[in-house]
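The values are calculated or read from the model by the stated rules, or taken from the named source; none is laboratory data. Because the structure is predicted, anything quoted here is derived from the model rather than measured. Here the Cβ positions follow ideal geometry from the backbone for every residue, glycine too, while neighbour counts run over all protein chains shown. Remember, those area values only see protein heavy atoms, side chains included, never the ligands or the DNA or RNA. Shrake-Rupley method; radii C 1.70, N 1.55, O 1.52, S 1.80 Å.
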Amino acid sequence: MADYAHQCRSPTLRTVTPDAVAREYNHPAVGLNSPDLSDQMDDQYTDSSVSDCESSVSSDQSGAATSPFVGSGLMELQEGDRVHRLIKERFVSRLGALGGQVTVAGIHQNSYTGEAARARAQAFQIYSEAVQKKGGGDTPNVRYAWYATSKEGVLKILSYGFGYSGKPENNGLYGCGVYFAPDNHPLESVKSAPIDEDGLRHLLLCRIIMGKPELVSPGSEQSHPSSEQYDSGIDDLLSPRRYIVWSTHMNTHVLPVYVVSFRAPRCLRGPLRTPEESRKPTSPWMPFPILISELSKILRPSDLSLISKYYKDHKGGKISRHMLVQKVRQIAGDGLLTRVIKSFRTKK
């Protein structure tokens, strides 16, 4: 199994040439289920609801400044490098209207120098294989994803991992874990990236082991998978905008690979979504009465009766919505629920 930038099967990591990296980025190894940068965009943000405060980027701020990561163990990719071009084009194109106001100042590659960095890269490879074996030989479902942090945060993560502060920075809405934006949806990470003293923002482009993800509802207090069959979390079964790597997995299931430094308008206002996206429900669940009606055509009467009981318990305040969702998923299974919800959304 090939790692994105390095081979991790032996104690000594062997660096792959930039061309080899570019080939894998465009044509990922079988089983890694990584995004293909040559894919057509599956979404376009055309609503330019961005304020005009400091929205222009002058030509003398195009990235000619000294690298902010000199001596950090990061290798700066040159403008003409194929990997640099692939990452830059992918990143900017996925920002839609905001892309025209973003200037990529530099892209750095993690060179994994030092014993600790090499050990983390090896651990990532070992856990990838372990997740694959646990899934019965299925893919470990390794994905690229964005993580917004400060320049100092980048350096600390590379040195100490994501738990350097004692707790994940994103502990909150979807439980105790580290939240990533899917590779094809970097907008939320761009909006949350802090600005350093040079006017730059920074995103880590990581590989994360998703394995079998489970749906996590807002307000969750999870800090680990709900059962042995799951490995990570997502906020939507059909079109996730957040990947959740639990606090128990954040230094084994995440491998920082690149740092993208860029300039963007200081003030970002509005949803930056298309009208079609704005009409989409934010929850992956259809109304429960309709869901139960659809499931009645498929499930055994005993299973349907149990789901109806849990729904009544929820309506009566006996169990939380999160508990209801977990119970329904355990009874019906994620595969069936995904098909039913997708069919409902298509009809809507």
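Annotation: per residue accessible area for the range 109-231 equals 40 Å², rounded to a whole number [probe 1.4 Å, protein chains only]. FRET efficiency for the Arg339 to Val70 pair, using the beta carbon distance and R₀ = 51 Å, is estimated at 0.50.
Using a probe of 1.4 Å, the accessible surface attributed to Lys309 totals some 100 Å² when neighbouring protein chains are kept in position. The calculated FRET efficiency for the pair Ala116 and Cys267, based on their C-beta separation and a Förster distance of 25 Å, comes to about 0.05.
When the surface is traced with a 1.4 Å probe over the full set of protein chains, Phe124 keeps roughly 10 Å² accessible.
Protein-only accessible surface at a 1.4 angstrom probe places the residues Cys267, Cys206 in the order Cys267, Cys206, largest first. Other residues within the sphere of radius under 9 Å centred on the Cβ of Asp334, judged by their own Cβ, net out at +1 (K and R +1, D and E -1). Apolar share of the accessible surface for the range 229-271: 46 percent from carbon plus sulfur atoms, 1.4 Å probe. Here Lys133 and His224 are evaluated by their C-beta separation; at R0 = 25 Å the FRET efficiency comes out at 0.80. Heavy-atom accessible surface of Ile341, to the nearest 10 Å², is about 0 Å², with a 1.4 Å probe and all protein chains retained.
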